[in-house]
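The values are calculated or read from the model by the stated rules, or taken from the named source; none is laboratory data. This one's a predicted model, so the numbers in the text were calculated from it and none came from an experiment. Virtual Cβ from ideal backbone geometry, glycine too; neighbours counted across all protein chains shown. For the accessible areas, the whole protein counts, side chains as well, though only heavy atoms, and no ligand, DNA or RNA atoms are used. Shrake-Rupley method; radii C 1.70, N 1.55, O 1.52, S 1.80 Å.
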Amino acid sequence: IKKITVLFEQAYKNLGIDIAPKIVLSNREDLCDYQCDDAFKLAKVLHKSPIDIGNMIIDEISKTDASKDVIEKIEVYTPGFINIRICAKLINDTLNSLTVPHFGIPEEKQETVFFDYGGPNVAKPLHVGHSRSPIIGDALKRIYAYAGYTTKSDVHLGDSGLQIGQVLYGIFRDNKQLDEIDLEYLDKIYPEMSGLCKVDEGIKNKCEELTFRLQKGDAELEKYYNVIKNVSVTEIKRVFDLLGVSFDTWEGEFTSLKFVDTVERKLNEKGLLQKSQGATIVEVSTEDDKKPLPPLLFKKSNGACIYATTDLASIEQRVQDCNPDKFIYVADLRQSLHFEQVFRTVKKADLSKATFEFCGFGTVNGKDGKPFKTRAGNTPKLVELLSDIKENFISLKAENAQMNDDDLNKIVVGILKFADLQNYREKDYIFDVEQFSKVVGKTGPYIMYTYLRLNKIILENQITPFNDTIYNEYDRSLRIKLLNIK
């Protein structure tokens, strides 16, 4: 469009026309590639018909040698549109300019962007709802890295909350030795203890006390914590490896506890900490809020740390480690209030000069529109969903069963990732195993199949970067579409 516009600008100047030419992509590719309807605006000024004005402009453009490298055909179409068909040289020169490294995206970026995504809880199995954060977060990190930014990412394990105290309580109740704590036991004991805490306040209090003691550095509890963490994280890493997502660091809430005192001191220096019913809070509401924002709860009345405490501490840790220019948190939309409170506290306390962004997402739902469940009515583990996708894909065609495991796993991940990323991030979406496993339509397998076919054509025909040969109108139409991808 820029090159066509230059030709029109020179023609207008020669004709004494004092307007900026407007060239647009044609919506009738059977007629032309680009179009100009300036002749209609000029008709009243020049007192000529749009067709006559169009022919004047075309005659002027045709006089220049430069037009030969831009335009193959230009004509007036009733009642006065100027239709432009660009030449093969312009098409291919422009396409070749886009195949340079990174498609021309500037690579010199000085900013460091820190991504917090994944967020699995130690001692809890990964379920279907845990798929969105790592998939979206990893995609964002790849995009930023491709654009030249320095990226850092952390999985931010949930490893100092009540669930750890609940598992510790179960271990001591069952007289389990350290070498008896395995994945099977963790999968059984957490839901059992979680259920007990809902009906027995005494047990819940004991679990909270164990959590508090662990946070305060109880050496004996830490031995058990380390085993719980190692068993759980080994499985989490295995599943995330299957998903093809990665993290630069595997820190967690527990790691950040050593930075809590520093954050508390800084909050005190700014006069931000207040007492409310025994708990320690930070007021974050501002005058221009449409409705008052609840205060951030920094510590519970017994001095125990919570999510906000460890999130603030982890920010302090990350600032000390790499001092990012930007933080991006990828989590469930239901966490938006929490992160708004945290970000406001960071700004008030001047904990970081970075910008902070919350990237929230909706839930993964079943075909009934409700959060994804198995036939048994419970939320399935993420590995179970991957297994279901694999079985369904294999059942579609006999050839699928002949594929090797590596290829099958790549397709399974492609099905899940494409199903997730094709949706508007903030909306809930329905995951239909049968629909997304198909090799036609808007699905992961279809995208991968198309990619493989294109590679086959390119390799078998030894296609080099776009040359001046355009094979037919289908080829030309495809190249024009590539030029106009936004």
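Is there a residue being more than 20 Å from ILE236 (Cβ to Cβ), assigned to a helix (DSSP H, G or I) and open to solvent by 50 Å² or more (accessible area, probe 1.4 Å) anywhere in the range 181-195? Yes: one or more hits.
With the range 431-486 as the region, which helices (runs of 4 or more DSSP H) entirely inside it contain at least 2 residues that are within 22 Å of LEU386 (Cα to Cα)? Steps first, answer last, please.
Working: elements: 433-436, 444-460, 473-483.
Where helices (runs of 4 or more DSSP H) fall fully within the range 431-486 and carry at least 2 residues being within 22 Å of LEU386 (Cα to Cα), they are 433-436, 444-460.
Does the range 250-271 contain any residue that is over 29 Å from the mean Cα position of the chain (by Cα) and more than 16 Å from VAL346 (Cα to Cα)? Within the range 250-271, one or more residues are over 29 Å from the mean Cα position of the chain (by Cα) and more than 16 Å from VAL346 (Cα to Cα).
I'm trying to understand the selection: among the residues of the range 51-88, which are in contact (Cβ under 8 Å) with a residue 12 or more places away in the chain, of a type in the set (D, E, K, R) and either surrounded by fewer than 19 Cβ atoms within 10 Å (Cβ to Cβ) or in a strand (DSSP E or B) (or both)?
LYS68, ASP69, GLU72, LYS73, GLU75, ARG85
Within the range 94-133, being in a helix (DSSP H, G or I), touching an Asp or Glu at 6+ places or on another chain (Cβ under 8 Å) and either open to solvent by 40 Å² or more (accessible area, probe 1.4 Å) or without any contact (Cβ under 8 Å) to a residue 40 or more places away in the chain (or both) holds for one residue alone: PRO101.
Would you confirm whether or not the range 16-26 contains a residue that is within 16 Å of GLY80 (Cβ to Cβ), in contact with a Pro (Cβ under 9 Å, 6 or more places away or on another chain) and hydrophobic (A, V, I, L, M, F, W, C)? Before the answer, list the steps.
Within the range 16-26, the first condition is being within 16 Å of GLY80 (Cβ to Cβ), and the residues that meet it are 17, 19, 21-24, 26.
With in contact with a Pro (Cβ under 9 Å, 6 or more places away or on another chain) added as a condition, the list becomes none.
No, because not a single residue in the range 16-26 is within 16 Å of GLY80 (Cβ to Cβ), in contact with a Pro (Cβ under 9 Å, 6 or more places away or on another chain) and hydrophobic (A, V, I, L, M, F, W, C).
Filtering the range 344-375 to residues that are in a loop (DSSP other than H, G, I, E, B), at pLDDT below 95, surrounded by 14 or more Cβ atoms within 10 Å (Cβ to Cβ) and over 19 Å from the mean Cα position of the chain (by Cα) leaves GLY366, PHE372, LYS373, THR374.
Here is a check on your reading of the model: is ILE91 part of a helix (DSSP H, G or I) and either modelled with pLDDT under 95 or open to solvent by 30 Å² or more (accessible area, probe 1.4 Å) (or both)? Outline the logic, then answer.
On the way: part of a helix (DSSP H, G or I): yes; either modelled with pLDDT under 95 or open to solvent by 30 Å² or more (accessible area, probe 1.4 Å) (or both): yes.
Considered against the rule, which asks whether it is part of a helix (DSSP H, G or I) and either modelled with pLDDT under 95 or open to solvent by 30 Å² or more (accessible area, probe 1.4 Å) (or both), ILE91 comes out as yes.
A count restricted to the range 196-221 and to residues that are under 13 Å from GLN166 (Cα atoms), assigned to a helix (DSSP H, G or I) and either modelled with pLDDT of 95 or more or open to solvent by less than 80 Å² (accessible area, probe 1.4 Å) (or both) stands at 17. When restricted to residues that are open to solvent by less than 10 Å² (accessible area, probe 1.4 Å) and of a type in the set (S, T, N, Q), the range 309-341 contains 3.
Taking the criterion of being surrounded by fewer than 20 Cβ atoms within 10 Å (Cβ to Cβ) and more than 15 Å from GLY129 (Cβ to Cβ), the residues of the range 378-389 that qualify are SER387, ASP388. Checked against (1) closer than 30 Å to GLU72 by Cβ; (2) open to solvent by 90 Å² or more (accessible area, probe 1.4 Å), TYR424 passes all but a single condition, namely (1).
For beta carbons closer than 9 Å, sequence separation of 6+ or different chains, a first residue in the range 238-262 that is assigned to a helix (DSSP H, G or I) and a second that is of a type in the set (Phe, Trp, Tyr) and open to solvent by 60 Å² or more (accessible area, probe 1.4 Å), the qualifying pairs are GLU253/TYR307. Every test in (1) assigned to a helix (DSSP H, G or I); (2) touching a helix residue (DSSP H, G or I) at 6+ places or on another chain (Cβ under 9 Å); (3) of a type in the set (Val, Ile, Thr) is passed by VAL330 save one, and that test is (1). Contact map, the range 441-464: residues that are farther than 30 Å from ASN423 by Cα paired with residues that are assigned to a helix (DSSP H, G or I) and not basic (Lys, Arg), Cβ distance under 8 Å, separation 6+ or inter-chain. Pairs shown: ILE463/ILE457. Count of the range 222-268 residues, restricted to those that are among the polar types (S, T, N, Q) and open to solvent by less than 30 Å² (accessible area, probe 1.4 Å), is 3. Considering (1) polar (S, T, N, Q); (2) surrounded by fewer than 21 Cβ atoms within 10 Å (Cβ to Cβ); (3) modelled with pLDDT under 95, the lone condition that ASN175 does not fulfil carries the number (3). Under the condition of being part of a helix (DSSP H, G or I) and in contact (Cβ under 8 Å) with a residue 24 or more places away in the chain, the residues counted in the range 21-45 number 5.
Can you give me the number of residues within the range 2-36 that are open to solvent by less than 80 Å² (accessible area, probe 1.4 Å) and either in contact with a Cys (Cβ under 7 Å, 6 or more places away or on another chain) or β-branched (Val, Ile, Thr) (or both)? Looking only at that region, the number is 9. Name the pairs: first residue in the range 467-485 and closer than 11 Å to ASN92 by Cβ, second residue open to solvent by 40 Å² or more (accessible area, probe 1.4 Å), Cβ to Cβ under 8 Å, at least 6 apart or on different chains? Filtered contacts from the range 467-485: ASP468/LYS89; ARG476/ILE470; ARG479/PHE466; ARG479/ILE470; LEU482/LEU98; LEU483/THR94. Taken over the range 441-486, the criterion of being of a type in the set (A, V, I, L, M, F, W, C), open to solvent by less than 90 Å² (accessible area, probe 1.4 Å) and modelled with pLDDT of 80 or more is satisfied by ILE447, MET448, ILE457, ILE470, ILE480, LEU482, LEU483.
Number of residues in the range 269-296 that are open to solvent by 90 Å² or more (accessible area, probe 1.4 Å) and either part of a helix (DSSP H, G or I) or touching a residue at least 60 places away in the same chain (Cβ under 8 Å) (or both): the value is 2.
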